[in-house]
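Novice: Quick one: the structure is below, and I'll ask about it shortly.
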Ligand SMILES: N[C@@H](CCC(=O)N[C@@H](CS)C(=O)NCC(=O)O)C(=O)O
């Protein structure tokens with residue numbers, strides 16, 4: 001089974017997490033954004049469907065042993081859940097929350113992290129080379145200022161969109177923190193796909209390290225530039241941030257990262 005990913009992406013972590021929980025063996029083929037579309041097209045020319053977050057050729061893509069393709073992280077989590085002793089979807093509210101998280105919190109945390117990465121191209125390059133060593137990272141290195149400039153415009157949408165996403169993340173973190181007050185899990189009394197999706201949606205703003213459960217390499221916290229580092233420190237102390245980190249610590253299990261290594265300092 002093949003999982004095509006952007007390795008440091010939160011939607012991709014959703015898929016890896018669920019597959020790891022189900023104990024399913026798969027090979028991960030990781031790419032950088034942009035290169036990932038070509039790889040997805042190669043493995044699944046028909047593509048999936050586009051949505052609020054992505055194009056038809058987005059990652060994660062899971063190609064099953066019989067050749068069938070799952071083209072969305074939620075479909076992969078659902079598929080993995082069906083192979084577990086206990087379902088990750090005990091009640092319909094779980095899938096509804098997963099959908100809500102996909103369309104808002106996850107979208108805006110992603111925009112925020114890309115905004116900061118494009119403002120600090122060397123951090124982006126270290127992240128890339130730790131996860132996708134080789135030609136894609138060399139190409140990024142050769143075109144770094146241009147990629148950072150265009151990426152900030154196209155993927156982030158410029159300053160106004162970046163600032164708006166920062167505000168929305170603040171609001172969402174406050175809202176979810178209130179929801180989590182006095183609860184151990186988002187729905188009911190057990191870990192569900194909602195907690196898994198939530199922890200992944202929060203990932204860009206709490207930066208769980210591999211040693212804290214994340215299934216690829218993120219940059220070490222003490223090498224993050226001052227402004228995002230300050231935000232990460234604040235978010236980590238909120239109930240939402242603590243919940244995300246606890247889900248990684250208690251429910252992620254151990255993942256052996258197949259290749260790459262800790263980013264250079
Ligand atoms: N709804 C999709 C969203 C996936 C998504 O946005 N993937 C991004 C990486 S974070 C991607 O591959 N983007 C490239 C593209 O959309 O072409 C899912 O949950 O799998």
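Novice: If R0 is 41 Å, what FRET efficiency do you get for residue 86 and residue 144 from their C-beta distance, rounded to 0.05?
Specialist: Working: r = 45 Å, r/R0 = 1.11.
Efficiency at R0 = 41 Å is approximately 0.35.
Novice: Post the alpha-carbon centroid distance, the range 62-106 to the range 226-249, in whole angstrom.
Specialist: With the range 62-106 and the range 226-249 each reduced to a Cα centre, they are spaced 25 Å.
Novice: In addition: In deg cm²/dmol, rounded to 500, what helix-only [θ] at 222 nm does the chain give when every DSSP H run of at least 4 residues adds -39500 (n - 2.57) and the total is split over its residues?
Specialist: Mean residue ellipticity at 222 nm (helix-derived): -17500 deg cm²/dmol.
Novice: Compute the Cα gyration tensor for the range 2-81, then decide on rounded, prolate or oblate, letting a ≥ b ≥ c be the square roots of its eigenvalues: rounded whenever a/c is under 1.5, prolate when a/b is larger than b/c in the other cases, and oblate in all that remain.
Specialist: Because its axes are fairly even, with a/c under 1.5, the range 2-81 counts as rounded.
Novice: Which residue fluctuates the most in the chain, going by a Gaussian network model with Cα springs under 10 Å, if the choices are 92, 133, 220?
Specialist: Greatest mean-square fluctuation among the candidates belongs to 92.
Novice: Based on alpha-carbon centroids, what's the gap between the range 7-31 and the range 192-224 in Å, whole number please?
Specialist: Answer, in whole Å: 13.
Novice: Using Cα pairs closer than 8 Å and at least 6 residues apart in sequence, work out the relative contact order for the range 123-265, in percent.
Specialist: Working: 127 pairs, mean separation 48.8, N = 143.
Dividing the mean separation by the residue count of the range 123-265 yields 34 percent.
Novice: Now, a different point. How much of the DSSP beta bridge set in the chain is antiparallel, as a percent to the nearest 5?
Specialist: Bridges in the chain that DSSP calls antiparallel: roughly 50 percent.
Novice: While we're looking at this one, here's another question. Quick one: among 74, 50, 36, which has the greatest mean-square fluctuation in a GNM of the chain with alpha-carbon springs under 10 angstrom?
Specialist: Answer for the Gaussian network model of the chain: 50.
Novice: How much length would be gained if the chain were fully extended between residue 52 and residue 96, taking 0.36 nm per residue of separation minus their Cα-Cα distance, in nm to one decimal?
Specialist: Value of the extension gain: 14.3 nm.
Novice: Taking just the C-alpha trace of the range 184-265, give me its Rg and Dmax in Å.
Specialist: Rg, Dmax (Cα atoms, Å): 13.1, 42.
Novice: Given Cα positions, please report Rg to Rh for the range 139-195, the hydrodynamic radius being the Kirkwood one.
Specialist: Ratio value, two decimals: 1.26.
Novice: Ok, one more. Say each of residue 209 and residue 175 gets a label point 7 Å from the Cα, pointing the same way as Cα to Cβ; how far apart are those two points in nm?
Specialist: Computed distance between label sites residue 209 and residue 175 equals 3.2 nm.
Novice: Of 41, 14, 52, which is the most mobile in a GNM of the chain whose springs link Cα atoms less than 10 angstrom apart?
Specialist: The residue with the greatest mean-square fluctuation here is 52.
Novice: Cut-off 15 Å, label point 7 angstrom out along Cα-to-Cβ of residue 1: give me the residues of the range 10-34 whose amide nitrogen falls inside.
Specialist: Backbone N within reach: 13-29.
Novice: Okay, next question. If you take all C-alpha pairs in the chain, what percent of them are over 32 Å apart?
Specialist: Roughly 16 percent, rounded to a whole number.
Novice: Another one. Please compute the alpha carbon radius of gyration of the range 1-157, then divide it by the globular-protein estimate 2.2 N^0.38 Å. Two decimals is fine.
Specialist: 1.07
A short reminder: the numbers here are calculations on the coordinates, not readings from a lab. It should be emphasised that the depicted structure is a prediction, and the values quoted were computed from it without experimental measurement. Every residue, glycine among them, receives a Cβ derived from its backbone with ideal geometry; neighbour counts consider all protein chains shown.
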